[in-house]
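Asks: Supplied in structure tokens, the structure appears directly below.
The values are calculated or read from the model by the stated rules, or taken from the named source; none is laboratory data. Note that the structure is a prediction, hence the values are computed from the model and not measured. Cβ sites come from the backbone with ideal geometry, for glycine too, and all protein chains shown count toward neighbours.
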Amino acid sequence: MAEKRKIRVPFFEIGPKSYLFGDDILSLAKAADAASEKYDIDIIFTTPYADIRRVADNTARLFVFAPHMDSLPVGRGLADILPESVAAAGASGVMLNHIEKPLGLAVLRQTIQRADALGLITIVCADSIAEAAAIAHLSPDIIAAEPSELIGTGKTSPLEYVEKSTRAVKSINPEIFVLQGAGISSGEDVYNVILAGAEATGTSSGVVKAADRNKMVDEMIRAVREAWDARNKK
């Protein structure tokens with residue numbers, strides 16, 4: 001198995017989805033890279049496929065992730081996303097099972113195994129505590145606990161959900177990191193979820209729809225640092 005890059009908690013995930021492309025993606029990636037350096041926080045940047053190589057080549061600290069991949073082997077397969085091509089493009093990892101690209105557990109297991117063999121970090125989305133627990137048995141590196149009904153709404157997960165979903169995953173595999181997302185739209189949201197016990201959080205629309213994207217990235221990453229430091233002083 002290829003060796004994976006080591007990501008440190010707390011960390012943050014930025015996923016532009018299809019809101020941005022081309023030069024706008026690179027501009028946002030560079031802002032995230034600068035914030036990562038400034039606050040010493042690791043950032044996953046889930047990049048559209050066409051921009052993986054460009055972002056990876058023009059940033060120093062980001063963990064560049066593909067938004068999905070398939071489990072097919074090298075050979076036939078016209079429109080599928082080959083894991084080897086994701087790794088060769090410079091990605092550090094891959095997001096799987098997003099609500100907009102769901103996978104069954106059997107397919108998910110196989111795809112995680114392909115990622116592991118190539119040294120790709122896996123972040124797997126779960127839209128309920130029960131699904132998070134089921135996915136934990138597949139041993140991904142990170143589980144993103146995001147209630148699907150809150151994604152893109154600006155409403156964050158209740159703190160009780162943060163605690164219960166984290167506990168459900170850790171009781172099965174304490175080595176899995178748990179990212180608490182959905183509805184993160186401000187530095188205050190970030191601060192509150194990290195202070196409540198999350199190891200990581202992230203956003204899509206909270207950054208890409210902000211009036212000043214670069215400023216919002218800085219605000220959110222600063223909030224990660226401040227909340228983590230406040231937790232460690234308790």
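Asks: Quick check, is P16 closer than 25 Å to G206 by Cα and not β-branched (V, I, T)?
Replies: On the way: closer than 25 Å to G206 by Cα: yes; not β-branched (V, I, T): yes.
Yes; evaluated as a whole, the condition is true for this residue.
Asks: Identify the single condition in (1) modelled with pLDDT of 95 or more; (2) of a type in the set (A, V, I, L, M, F, W, C); (3) farther than 28 Å from N232 by Cβ that V9 does not satisfy, given that it satisfies every other one.
Replies: Single failed check for V9: (3).
Asks: Give A198, A210, A223 a once-over and let me know the one that is part of a loop (DSSP other than H, G, I, E, B), of a type in the set (A, V, I, L, M, F, W, C) and surrounded by 19 or more Cβ atoms within 10 Å (Cβ to Cβ).
Replies: Numbers: A210 fails: surrounded by 19 or more Cβ atoms within 10 Å (Cβ to Cβ); A223 fails: part of a loop (DSSP other than H, G, I, E, B).
Every option except A198 fails the conditions.
Asks: Does S171 meet the test of being among the polar types (S, T, N, Q), modelled with pLDDT of 95 or more, over 24 Å from F63 (Cα atoms) and surrounded by fewer than 22 Cβ atoms within 10 Å (Cβ to Cβ)? So that I can check it myself, show each step before the final result.
Replies: Values: among the polar types (S, T, N, Q): yes; modelled with pLDDT of 95 or more: yes; over 24 Å from F63 (Cα atoms): yes; surrounded by fewer than 22 Cβ atoms within 10 Å (Cβ to Cβ): yes.
For S171, the condition - among the polar types (S, T, N, Q), modelled with pLDDT of 95 or more, over 24 Å from F63 (Cα atoms) and surrounded by fewer than 22 Cβ atoms within 10 Å (Cβ to Cβ) - is met.
Asks: Checking the structure you have, find out if any residue of the range 48-55 is loosely packed, with under 14 Cβ neighbours inside 10 Å and under 22 Å from K101 (Cβ atoms). Don't jump to the end; show me each part of the working.
Replies: Filtering the range 48-55 down to residues loosely packed, with under 14 Cβ neighbours inside 10 Å leaves 50.
Those still in the list that are under 22 Å from K101 (Cβ atoms) too: 50.
Scanning the range 48-55 turns up at least one residue that is loosely packed, with under 14 Cβ neighbours inside 10 Å and under 22 Å from K101 (Cβ atoms).
Asks: Could I ask something else about it? Residues D212, D218: which one is modelled with pLDDT of 95 or more and either farther than 22 Å from A34 by Cα or in contact with a Lys or Arg (Cβ under 8 Å, 6 or more places away or on another chain) (or both)? Can you show your working first?
Replies: On the way: D212 fails: either farther than 22 Å from A34 by Cα or in contact with a Lys or Arg (Cβ under 8 Å, 6 or more places away or on another chain) (or both).
Within the list D212, D218, the selection yields D218.
Asks: Taking helices (runs of 4 or more DSSP H) that fall entirely within the range 76-154, which contain at least 1 residues that are of a type in the set (S, T, Y) and crowded, with 24+ Cβ neighbours inside 10 Å?
Replies: Output list reads 105-118.
Asks: Test each condition in (1) of a type outside the set (F, W, Y); (2) closer than 21 Å to D24 by Cα; (3) modelled with pLDDT of 95 or more for T201 and report the one that comes out false.
Replies: (2)
Asks: Residues L138, L150, L118, L179: which one is at pLDDT 90 or above, out of contact with any Lys or Arg (no Cβ under 8 Å at 6 or more places or on another chain) and over 20 Å from I43 (Cβ atoms)?
Replies: Of L138, L150, L118, L179, the one residue that is at pLDDT 90 or above, out of contact with any Lys or Arg (no Cβ under 8 Å at 6 or more places or on another chain) and over 20 Å from I43 (Cβ atoms) is L118.
Asks: Test of understanding: among Y191, Y161, which residue is hydroxyl-bearing (S, T, Y), at pLDDT below 90, crowded, with 17+ Cβ neighbours inside 10 Å and closer than 25 Å to A132 by Cβ? Step through it out loud before you land on a result.
Replies: Working: Y191 fails: at pLDDT below 90.
That would be Y161, the only listed residue that is hydroxyl-bearing (S, T, Y), at pLDDT below 90, crowded, with 17+ Cβ neighbours inside 10 Å and closer than 25 Å to A132 by Cβ.
Asks: Looking at this structure, is V55 farther than 19 Å from A115 by Cα, assigned to a loop (DSSP other than H, G, I, E, B) and either among the polar types (S, T, N, Q) or at pLDDT 95 or above (or both)? I'd like the intermediate steps shown before the answer.
Replies: Values: farther than 19 Å from A115 by Cα: yes; assigned to a loop (DSSP other than H, G, I, E, B): no; either among the polar types (S, T, N, Q) or at pLDDT 95 or above (or both): yes.
So V55 fails the test.
Asks: Now a separate question. Would you confirm, using the coordinates I've provided, whether D33 is assigned to a helix (DSSP H, G or I) and surrounded by 18 or more Cβ atoms within 10 Å (Cβ to Cβ)? Give the steps one after another, and end with the answer.
Replies: Working: assigned to a helix (DSSP H, G or I): yes; surrounded by 18 or more Cβ atoms within 10 Å (Cβ to Cβ): yes.
Taking the combined requirement at face value, the residue satisfies it.
Asks: Can you name every residue in the range 17-52 that is under 12 Å from the mean Cα position of the chain (by Cα) and either closer than 23 Å to E84 by Cα or at pLDDT below 95 (or both)?
Replies: Let us first name the residues in the range 17-52 that are under 12 Å from the mean Cα position of the chain (by Cα), namely 17, 42-47.
Passing the criteria: K17, I43, I44, F45, T46, T47.
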